[in-house]
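The values are calculated or read from the model by the stated rules, or taken from the named source; none is laboratory data. Just so we're clear, the structure is a prediction, and the values are computed from it rather than from any experiment. Positions of Cβ are generated from backbone atoms using ideal geometry, with glycine treated the same way; all protein chains shown enter the neighbour counts. Only protein heavy atoms, including side chains, enter the accessible area calculation; ligands, DNA and RNA are left aside. Shrake-Rupley method; radii C 1.70, N 1.55, O 1.52, S 1.80 Å.
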Amino acid sequence: MSSPFYIKIVDGILAGLLGVILMHYSIGVNNITILDLRHIPVILVAFYGGFLPTIISAVVIIIGRFLIDVNFSSYVALYMIAAIAVGAGLIVRYMKGGPWKRWTALLLYSQLIFSAALYIVVDDYSTVLDYALFHIVSTLIGGYLTLYFVDYIRKTSERYYQYKENAQRDALTGIYNVRSFDAHYNRIVKEAIEENETCAICLIDVDHFKQINDTYGHQAGDEVLKQLAELLSRLTRSGDILSRNGGEEFSLLLPKCTVEHAKEIAGRVREAVFKQGFLLPDQTKLQLSVSIGVSAFNPVEEKGEALFHDADEALYKAKQNGRNIVCTSWECSYK
């Protein structure tokens, strides 16, 4: 229901084309009348997408019916499919209850309209009663099987994308994990080389994190990491890549960023962390500090693998020079 406008238009057209195909696999009742399952795609897009794709599918099916033949039956079919589309849209919008209950209502309503149309176009309804009963059974069986398989496919797709997303995210903090970091690192360096742009990286390490685990327990340490990840996420620019590289180490990939700008960002991160009070599960408030190593990549002068190595060296330098500072390979800043 929340899909973009163009998706609903495409779905309506596709459902309409499926309805046209189903008309070509029909039962001929007489010289001008056919029975088929063209209404199933109409109520299906109503069920998932609401009014817009339903009306579009109905229009496509009406056009397809007139291309097959223009006669009294085709005009009845026009009103029939229009009534199904409008009624299906109303049922989906206003009817309460679970999905199978609403789908049953859609099947019964569409079949009722179809049966009424058949009654109008044949002279003696008793002569086509076998066809009508077969059509009702086909609608119910085909309709329930359709929803079952569509629902199965949708749930399978949702699980796939969820698993794919989980594989890219750190389970504790929800930010990117080290596997995603490697992929984004290679991409950003490659783009920097192709576009002849600089890029930078900040490696962020929590100072004395082992003491937090030893003093307050691993649950408290996990809570600190989650709150830190939330804080770092608020401090990043659009397009920056924040990852947890393992343990208490985080990384911030900065595309199209000079070393001076990266140092400014790192300085704001260090200051924000130091000023933030981190609340432990036992309501203890804790002050943290981080050490940050900064490096930038110049595609004219360097190779891509030097970017991470230089940042790692700068982080080690920050640890050796008292922590709670930002360092590059040539200097450290306490502000």
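For this structure, a couple of remarks:
- Residues of the range 160-186 satisfying the condition of being part of a loop (DSSP other than H, G, I, E, B), at negative phi and not hydrophobic (A, V, I, L, M, F, W, C): Asp170, Thr173, Asn177
- Put simply, of Lys335, Lys303, Lys317, Lys256 the only residue that is more than 35 Å from the chain's Cα centre (by Cα), open to solvent by 40 Å² or more (accessible area, probe 1.4 Å) and at pLDDT 90 or above is Lys317.
- Which listed residue, of Ser2, Ser57, Ser26, is touching an Asp or Glu at 6+ places or on another chain (Cβ under 6 Å) and polar (S, T, N, Q): Ser26
- Among all residues of the range 138-148, there is at least one that is open to solvent by less than 60 Å² (accessible area, probe 1.4 Å), touching a Phe, Trp or Tyr at 6+ places or on another chain (Cβ under 9 Å) and of a type in the set (A, V, I, L, M).
- Flag for Gln211 being more than 17 Å from Gly267 (Cα to Cα), in a helix (DSSP H, G or I), open to solvent by 70 Å² or more (accessible area, probe 1.4 Å) and of a type outside the set (Lys, Arg): yes
- Residues located in the range 74-106, provided they are closer than 18 Å to Pro53 by Cβ, touching a residue at least 40 places away in the same chain (Cβ under 8 Å) and not aromatic (Phe, Trp, Tyr): Ile81, Ile84, Ala85, Ala88, Gly89, Ile91, Val92, Arg93, Pro99, Arg102, Leu106
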